[in-house]
Structure formats: structure tokens, C-alpha cells
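What follows is one structure encoded as C-alpha cells, with my remarks underneath.
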Amino acid sequence: MSMKKNLIYSVIFVLILFAAAGCSKTDGQKDGIKNVTIWYYWETEKHQKTLNKIISDFNESQTQIVVKAEYIPFAEFKKQLSIGTSAAKLPDIVIIDNPDHASYSAMGIFADITEKMKDWTDLNQYFEGPLNSCKLDGKLYGIPFGSNCLALYYNEDMMKAANASVPQSWDELRAVSKKLTKGSVKGLGFSSLPNEEGTFNFLTWVWSTGTSAFGINNPEGIKSLAYVSDLVKDGSVPKEAINWTQGDVMHQFISGNLAMMINGPWQIPTMRQEAPKLNWNVALIPKDKQYASDLGGENFGVVNGQNVDASLEFIKFACEPDRIKTYINDFGYIASRKDVAETQFAEDDKIMKLFAEEMQYALPRGPHAKWPEISNAISLAFNEVMTGVSSPADAAKKAQKTIDSIIK
Amino acid sequence: MEKIFKKVSGKIGFEYLYVLPALAYMLFFVGYPIVSNFILSFHEVSVLTLNSPDKEFIGISNYITLFKDAVLLRSIWNTVLYTVLCILFQFVIGFALALFFNKHFCTSKSVRGFLMIPLMIPITVTALIFKFMFSSNVGIINQLLQTLNLIDAPVEWLIQPGTAMFALIFTNIWIGIPFNMILISTGLTTIPVQLYESADIDGANSFERFLYITLPMLKPAIQSVLILGFIYTFKVFDLVYVMTNGGPVDTTQMLSTYSYKLSFSLFKYSHGAAVANILFVILFAVSLLYLKYAPIGEENSK
């Protein structure tokens, strides 16, 4: 008897196994309505609300397409996209960090929309840098969402107390940082993580010397590494920065542990909310040979699949100049379209005007299909000199070897 | 009815049917990923080729490239160093605690219960707490050491290449002690008291009793603890990922975190798979050792 029972249990188990394998899928499209899913990684509540507002406006404006957005944390984002690719389970639109766009275009995730967007005259209105980050080998794989760049923030009270003036050159920056470093307060901070976020910050130093992200092992590249290494050796830049995200840097700044920081405009809404009494201002990042900043921001990438046309409908809707005006300031971004950016900021908004000025000097990263590997080599080199593992010359040599093997 | 079943099963090996569900499960959820990962590591799969139908077969050249790469060798060395040091201290301290609580004093049971807490906290939580504790400016460890005048300036535990590894090992020892203690404790309860009593009569001192009774009787338990501990420790991921993420400058990179980095931040999927396979092969060898010793151990303990 017990054997029979066992047999029955086994059969049931096998059946469950097959049933489980057979489930899932089938959330089909009813009545010709197309469902478009967006993936994004903005963690700030304001960003999320603003995005959802654009989406609900679009959904109400027509009856054919229903758009919905899903939040994926930044740290998980690339992983989910990669897994989604091999499992053929991707959204229809990805709002992606612009340096990663080329990699995913090369992977074949994004649709080539060059032909489809040919007649969209608005394309001429986009700034070259952001638009180029959507391209690979001359083909268009997306539309810029909005841009930002880095600038120097400084604590006005600390600056006054130390009787220092806003630095404009590297030498001045080094001297002022040293002057502002007192006790637990450090002169300057910027995110120095060994990842894309770190590279984003490090490249401002590299580019200011006049060299490119692909040429580190030359006097200019070594100079930029040595400069950052000196800032750390002076004690002006805390070594902990190698574990700080840009959000961490901002929080160190508003809690008074940093007198100056390199950061982007998207921090401003939070800073005003959390530290309304803090006296701060922004300036161009001090220069070596030339002013330089890093172009940040996101693009809409259209996933290669069934819903390319429906997705483009939404993107065109979201990118109408008048609509961009309604949301771009809530993001703390600078519009990627000239016609919007020109009138984006009120005359008296000196801070955003400064960012708009810095934007002229902002360079895009890549675009290169293997940018993540190049970026890794650069951020690693800076981490090596900041922790004192390698000399600037050795770090540059090592990074160059990696970069050369990628771009050969 | 039962007789018929027995007859049939005797003839065609009916009993294998009972293994079928487990076998199917293992083949699908364990076998397939392993095989597929090995296949992946013999092909050139990166961002450029992930979606193309024909991926170039390149044999073992992924492995050759990796072994020429200093980071892989360092990850292997790190993983081994981490595992050996963790196991050594966890085992010795866990063993000592097990012996101590085996004395059956009035609070022995409840205190032993409290010592199990590190095992119950999710590792990511432990890792975050220790990350704060090891923080150079506000961490309690630096404050403690400074108050005791053991150090002059704050130590940058997680930011310096040498000390970051130490911090990881220290944390994991704390996590692993209860696991060792509880398994050894269980082993201790299986040793008959009579053995100690007769040894007493023969005039053995406590050290001799430990050496000639406790240790040999605990051999199976010790084997299990060491081998299971090795497997758990060798494949560490979450602790390192949260506390240092392999940094600073790859000095705490483990095989698991390096594999993750290659696959999911650098998009070198086949390299990531190759590193995962190296990890797998080492663990597989150790597991074979375990299988070889474990059954004998069970018989012995009975």
C-alpha cells in the first residue's frame, strides 16, 4: 500500500514540475491596444513622480498605447538588462545612462531608428554631444532625454572664514583645498568609486589637461593622475571618497564635512530641501589647460522588438519642446534641445546658468561599444594612485595597456 | 496488489522511478546551468556577440587570457587566504567555545543560544554593520582602539589594501564561529560519558582525555565542519560585495566577486563564466573529498 502511495506522490511531483515549467507568459494584447514598458533607475521620488506624470499625460492623450514604467535600482540596472537580453524579456523603452548606450546598441538590444526618425525635424534641435551618445557607427539608436554636467560647489561661509577666493586654476584649487581643510572638514570631495560613477568624475581632470580618455599614458594623463594623488596626499581630499557615490559626496557637503565638492545639478533639489540654510554656490571646475566637464544624462533607448513604433510615439510626445519645459527643471537637468535650453532658466537663476555655461565644456564619454572596460581601466588607475598602490606613471602605463588592447 | 508491484519493480527497476523527480530536478536546475556555463566559457561572448546566433568557439583561450591577468591570480590567492584564515580561527574559537559550554554550568544553554545570533542575521546586514564599525572617521573600532591608546591616528580599515582583507576576515570569523560551535557541540554530546569515567580511573589527565578521547571521537564531526566550512567560505560573495566590492583596487577581489564584475559590469560574459568555472572546479574537488569521508563518518558516529 505504501508503495502505491509513494508512486502517486512521485507522479504528482513530476506533474507539478511540468506544470510549473509550463506556466508564465501570456499577458497578451487586447483589442489592438499596445502595452509599452519603460525601465528607469531614478531613485529620487521627485524624478519618479515627474516621469509618471509624463506617462499619464500620454496615456490620456490617445487610446492606442498604454505606457507604464518600472523602477530598477541603478546597481541592478545593467545586470537586469543583460539577463533580460539572454532571456528575451526586455522592456520596450530603456532610459539609460548615456555612456552605456553604445554598448547596448552593439549588443543588439536597441533598434536602429535612423530611418524611422529621418523625418522628425526636431532632431536638428539636439545638441551634438547628447545626440552622439545615442549613435553607434553613424546609426541612431535613441533620443536624448536630458543632460547634465559636473561643476564645483563651494561652501560660501567656509570660504569666507578661511579668507579664500573661488579657485580657477588647478594650482589655486590645490592651495584653497589645503587652506579649507581643518580638523574633520576636508577641502574637496568627489565621487571616486571604481566604476562608471568614479570615471564620470575622474575624466574632468583628464580632459582638463588636454588629453583624451583613450590616451592616459602621456605627460598630460600622468599629470592628471599625479594631481589627484597630490590632493589626497595633502589631506585635502579624503581617501574615503573611493567609497562615496555622488549622493554620499553631496551629503558630506551639506553636513559640513566638505568645503567644496564636484557634483551635478540633479543634487540641487535635495540639497535645498535637506539643508535650506546652507550657504553655497557653484563655479566652473578649475582648469589646467582648458575647462572640462563630463556630459551626463540619460537617453531613451528603443528596444528592438514588437513595439518600436508605439515606443517612438511616446518618445516623440515626451520630447515636444513645450512638454520638456514642464518637467526638465524638476529633474535638475539641462534640456538636450537647443530651443528649450535657451530659455530654460530664469534670468536670476545664477546656479543653473552656471551649469549651462559649464555645459559648453562638457565632453561625452565614448561612445564605444566596450566603454565599460575602458571606464574600468580609468577609474582603477585613479583608485590606485589615491590609495597609494601605484605611482601615477605606473598606473597610467597599466591603464593604457588595457585601453590599447580594447581599441586596437 | 502489493505483490504485483513488487514483481514489476523487481523486473524493470521500478525503484528508479522514485529517483526520477529528484533526478529531473537536478538535471534541469543544477546540471543544465553548469554545462551551459562551461559551454559559455569556451566561446567568445561579450557585448558585441551576445545576441548574434553564432558565437565563435575559441577553446580554452579565455582561460589562458585570464591566467595571464594579474587580477585572477590575485582573486585565487585572496580566496584561498581568506578561506584558510577564516576556517582556522572559526574552528579553533568555535571548538573552544563548544568545549566550554559542554561544561553544563547554569547559564551554558542560554548563553550558547545567544552566541547563535551571528548565524541568524542576514549577511548583508552584518556586512553593513561592520562596514560602519570599520569606518575610519566614525567607526567604533577606531574609537575603541584610540581610547585604549593602541593606535595614534584612525586606521583606514576598508580603504587600505592590507587592512581591508583583515576587516573582511575578521567579520567572517565572527559570523562563522557559531556554525563551528554548534556542530562540534552536537558531536560532543555523542561521546559516551563512560569513556571519560574509565579514563579517569586509568589516571588520564584532562589534556590526555582531550587528545585520546575527545579528538578521535569527534573526527567525523570535525571533518564535516571543516569541509562544509570550506565550501561556504570559499564561495563568499555577499559579505565582500557589500563591504568592499572587491576594492580598494581589486585587493579584496574574490573569485565570486571577480566573476560578477566581469559579467555584469564589464560585460565580458565568457570571462565571467570561466572564473565561475574555476571556482566550481575547486569546490567540486573539495565536495568529492567530503563525499568520500562523510558516509564513513556517519557509520563511525553510530
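The values are calculated or read from the model by the stated rules, or taken from the named source; none is laboratory data. Owing to the predicted nature of the structure, the values given are computational and were not obtained by experimental measurement. Positions of Cβ are generated from backbone atoms using ideal geometry, with glycine treated the same way; all protein chains shown enter the neighbour counts.
Some observations on this one:
- Counting only residues that are of a type in the set (A, V, I, L, M) and at pLDDT 90 or above, segment A:352-405 holds 13 of them.
- Test for A:Pro276: is it free of Cβ contacts under 8 Å to residues at least 12 places away in the same chain and either over 22 Å from A:Glu384 (Cα atoms) or assigned by TED's automatic domain parsing to the domain that holds A:Tyr333 (or both): yes
- Members of segment B:88-127 that are surrounded by 18 or more Cβ atoms within 10 Å (Cβ to Cβ) and among the hydroxyl-bearing types (Ser, Thr, Tyr): B:Thr126
- Selection status of A:Ala356, in contact with a Leu (Cβ under 6 Å, 6 or more places away or on another chain) and of a type in the set (Gly, Ala, Ser): no
- Identity of the residue in segment A:101-126, within 13 Å of chain B (Cβ to nearest Cβ) and hydrophobic (A, V, I, L, M, F, W, C), that ends up surrounded by the fewest Cβ atoms within 10 Å (Cβ to Cβ): A:Met107
- For beta carbons closer than 8 Å, sequence separation of 6+ or different chains, a first residue in segment A:352-378 that is within 14 Å of another protein chain (Cβ to nearest Cβ) and without any contact (Cβ under 8 Å) to a residue 40 or more places away in the chain and a second that is of a type outside the set (A, V, I, L, M) and in a loop (DSSP other than H, G, I, E, B), the qualifying pairs are A:Glu373/B:Phe267; A:Glu373/B:Lys268.
- Flag for A:Pro73 being within 14 Å of another protein chain (Cβ to nearest Cβ), surrounded by fewer than 17 Cβ atoms within 10 Å (Cβ to Cβ) and touching a residue at least 12 places away in the same chain (Cβ under 8 Å): yes
- Qualifying positions in segment B:27-66 - surrounded by 14 or more Cβ atoms within 10 Å (Cβ to Cβ), more than 14 Å from chain A (Cβ to nearest Cβ) and of a type in the set (A, V, I, L, M, F, W, C): B:Phe38, B:Phe42, B:Ile58
- Residue match in segment A:144-156 (condition: over 19 Å from the mean Cα position of the chain (by Cα) and polar (S, T, N, Q)): yes
- Evaluated against (1) buried (at least 18 other Cβ atoms within 10 Å of the Cβ); (2) out of contact with any helix residue (DSSP H, G or I) (no Cβ under 7 Å at 6 or more places or on another chain); (3) within 14 Å of chain B (Cβ to nearest Cβ), A:Ala399 falls short on exactly one condition, (2).
- For segment A:106-134, a tally of residues being closer than 24 Å to B:Ser265 by Cβ and at pLDDT 90 or above returns 2.
- Among the residues making up segment B:40-63, none is farther than 24 Å from A:Ala369 by Cα and part of a helix (DSSP H, G or I).
- Number of the condition not met by B:Phe101 [criteria: (1) in contact (Cβ under 8 Å) with a residue 24 or more places away in the chain; (2) out of contact with any Lys or Arg (no Cβ under 8 Å at 6 or more places or on another chain)]: (2)
- Residue identified as under 17 Å from the mean Cα position of the chain (by Cα), surrounded by fewer than 21 Cβ atoms within 10 Å (Cβ to Cβ) and farther than 21 Å from A:Trp207 by Cβ among A:Asp349, A:Asp394, A:Asp322, A:Asp330: A:Asp330
- Of all residues in segment A:79-100 being touching a Ser or Thr at 6+ places or on another chain (Cβ under 9 Å) and within 12 Å of chain B (Cβ to nearest Cβ), the one that is surrounded by the fewest Cβ atoms within 10 Å (Cβ to Cβ): A:Lys79
- Subset of segment B:140-164 [surrounded by 11 or more Cβ atoms within 10 Å (Cβ to Cβ) and away from chain A (no Cβ under 12 Å)]: B:Ile140, B:Ile141, B:Asn142, B:Gln143, B:Leu144, B:Leu145, B:Gln146, B:Ile151
- Looking only at segment A:19-54, and only at residues there that are in a helix (DSSP H, G or I) and outside the structural domain of A:Pro91 (by TED's automatic domain parsing), the one that is modelled with the highest pLDDT: A:Ala19
- Top-ranked residue in segment B:2-26 [being within 12 Å of chain A (Cβ to nearest Cβ) and not in a helix (DSSP H, G or I); ranked as modelled with the highest pLDDT]: B:Glu15
- Enumeration of residues in segment B:214-243 that are hydroxyl-bearing (Ser, Thr, Tyr) and over 17 Å from B:Asn180 (Cβ atoms): B:Tyr241
- Residues located in segment A:120-160, provided they are more than 30 Å from A:Leu278 (Cα to Cα) and in a loop (DSSP other than H, G, I, E, B): A:Trp120, A:Phe127, A:Cys134, A:Asp137, A:Gly138, A:Tyr141
- Looking only at residues of segment B:224-271 that are within 14 Å of chain A (Cβ to nearest Cβ), β-branched (Val, Ile, Thr) and in a helix (DSSP H, G or I), we find that the one that is surrounded by the fewest Cβ atoms within 10 Å (Cβ to Cβ) is B:Val242.
- Helices (runs of 4 or more DSSP H) contained in segment A:163-269 and holding at least 1 residues within 14 Å of another protein chain (Cβ to nearest Cβ): A:196-208, A:219-233, A:246-254
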